[in-house]
Amino acid sequence: MDYRLGFESLDESDEVVDAPVEVDGTLPDWLEGSLIRNGPAMYENGGASVNHWFDGMAMLHRFGFDGAEGEVKYTARFLRTAAYEGMREGEIRRSEFATDPCAGVFGRFFSYFTAPEPTDNASVNVVRKGDSFEAVTETTMPVEFDPETLETVNVPDELDDLGELTTPHPHVDPETGERVNYVTRFGRKSEYRVYVENDEGVDREVIAELERDRPAYMHSFGMTRRYVVLVEFPFVVNPLRIRFGDGTVAESYRWKPDRGTRFVVIDREDGEVVASPEEPAFFAFHHINAYDEGEEVVLDIAAYEDASVVEDLYLESLHGEPPVGMPAAEIRRYRLDTEDETVTGETLHDTSFELPRLRDDREGRAYRYAYGVGHRNSPPEEFPNRLVKFDAVEHGTTVWEEDATYPSEPVFVPNPEGTEEDEGVILSVVLEPAEESSFLLVLDAKGLEEVARCRVDRPVPHGFHGDFYRRRV
Ligand code: CO
């Protein structure tokens, strides 16, 4: 078995609560709290199946660390959503990103976004709002869960009034605590609506509304102290035409490279667009970081040549025989001049780099280190197979790799006593197909040396995103 083990479906018999995990190595005594991760874990059941990595049923995973005792416990539980309940009964009931529930019966594209059948399968990320925790995806239907038991607490039955599509990557300003995100509202005149709320997710205020005939697919965005930057890739949709067409959401977006990629720089204070320069077309899922430097915005992003990666994440491609696999993104830096309204771009490093993370307090600030997954070789292997630390000052990389293993998004946890940016550990769930299991890898963030590996007696499916939450004292 190879990396495709991570795309095999689990079911409820695989759920587990506080299973002890064997720790090989010594965990830092300050590592106390929970790594909570989200990702798809059921792609087929009882004759029903989905088409795309994004469409598998969400499972939450928690690795609980108890600090001085040095013990680790693992909990995994499916989110109990309407999409999940359907799948459990062998039916696709909600329109997923690339899977139709029942061709010709529902309004297809609009059934994904509009009542009564948008998907509530919140399989992409985890967001903390004050004391509550939410599993989130791209539809505006966050699902609240209990961070200890991972039990589903509340499933919304309709979309947010503000809009239908959002990003599972809100930014939290490390100084003000403000949480910023945007939604796309589809209609005769579609709009991006950028909003800010407090860290508990209330007092929401729309700070900018931008009309678009052809909204772009943007899975994340950039934010600095002063600006929000929407990078509009030319992967766009005509909501009116496809309302009556016959494609899923994924099929309805079109790659229009002639449009170029536009950087829309929005002032966080007054919502004004201060610049919107263009570059030749490229695509990305993930921004790495952005920050102000004088009148310039420096924006780092994990860039693909085009949007074909969306095709490459179909299960047919990832899990088929032979697998086609994923392309590699590279690290690019764009400098946006807010006075001249120009942009210049360069490749900072051509190493394969995805699922980028950095220290929370470096969000929107000048930074030195980012961590991600990558491929070892070029052309890339079918699936990311190493961890990469990128030095954005020296433009160098440090890697962790081990034969036939597949690490997840690396989450940085700072040493609370530390003073340097990379003083802390990296947590990544690594799939080891030969052992038919996974382990939680703990690396010293400085040199990516192994500190401990915590064996889970089972394979953990390939997931997307998560975060570490310190135990509240
Ligand atoms: Co993402």
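Points to keep in mind about this one:
- Other residues with beta-carbon under 14 Å from the beta-carbon of Phe145 carry, at +1 per Lys or Arg and -1 per Asp or Glu, a net charge of -3.
- When the helices of the chain are scored as -39500 (n - 2.57) per DSSP H run of n ≥ 4 and the total is divided over every residue, the value at 222 nm lands at -1000 deg cm²/dmol.
- Cα gyration tensor category, rounded, prolate or oblate, for the range 291-342 with a/c compared to 1.5: prolate
- Here the gap between Glu209 and Asp444, fully extended at 0.36 nm per residue and compared with their Cα-Cα distance, gives a gain of 80.3 nm.
- Ranking of Thr139, Thr248, Thr398 by count of other Cβ atoms within 10 Å, fewest first: Thr398, Thr248, Thr139
- Residue list for the range 291-324, given a label point 7 angstrom along the Cα-to-Cβ vector of Thr344 and an amide N cut-off under 19 Å: 291-301
- The range 253-402: C-alpha gyration tensor shape, a/c 1.5 cut-off, then a/b vs b/c: oblate
- Student exercise, the range 32-85 dipole from Lys, Arg, Asp, Glu Cβ charges, in Debye to nearest 20: 120 debye
- Taking other residues whose beta carbon is less than 10 angstrom from the beta carbon of Cys454, and scoring Lys, Arg as +1 and Asp, Glu as -1, yields 0.
- Viscosity 0.692 mPa s, 37 °C: Kirkwood-radius Stokes-Einstein D of the range 180-263 over Cα pairs, µm²/s: 234 µm²/s
- The range 402-442: translational diffusion in µm²/s, Stokes-Einstein, Kirkwood Rh over Cα pairs, 37 °C, 0.692 mPa s: 290 µm²/s
- Neighbour-count order for Ser252, Ser378, fewest beta carbons within 10 angstrom listed first: Ser378, Ser252
- Square roots of 5 times each gyration tensor eigenvalue, C-alpha, the chain, largest first, Å: 31, 28, 22
- Net charge of Cβ neighbours under 11 Å - reference Tyr304; Lys, Arg +1; Asp, Glu -1: -4
- Label point at Arg262 placed 7 Å out along Cα→Cβ; residues across the range 272-301 whose backbone nitrogen lies under 14 Å: 273-281
- Within the range 179-269, GluC sites (Glu not before Pro) in DSSP loop having at most 16 other beta-carbon neighbours inside 10 Å: Glu200, Glu269
- Listed by chain and number, the lysines whose alpha-carbon sits under 21 Å from that of Lys189, ignoring those within fewer than 8 places in the same chain, are Lys256.
- With all projection directions averaged, the alpha carbon convex hull of the range 360-473 covers 8.5 nm².
- Neighbour counting of Cβ atoms within 10 Å sorts the residues Glu71, Glu178, fewest neighbours leading, into Glu71, Glu178.
Since every read-out is calculated from the coordinates, none of them should be taken as a lab result. These figures come from a predicted structure and were not determined experimentally. Cβ: placed from backbone, ideal geometry, glycine included. Neighbour counts: every protein chain shown.
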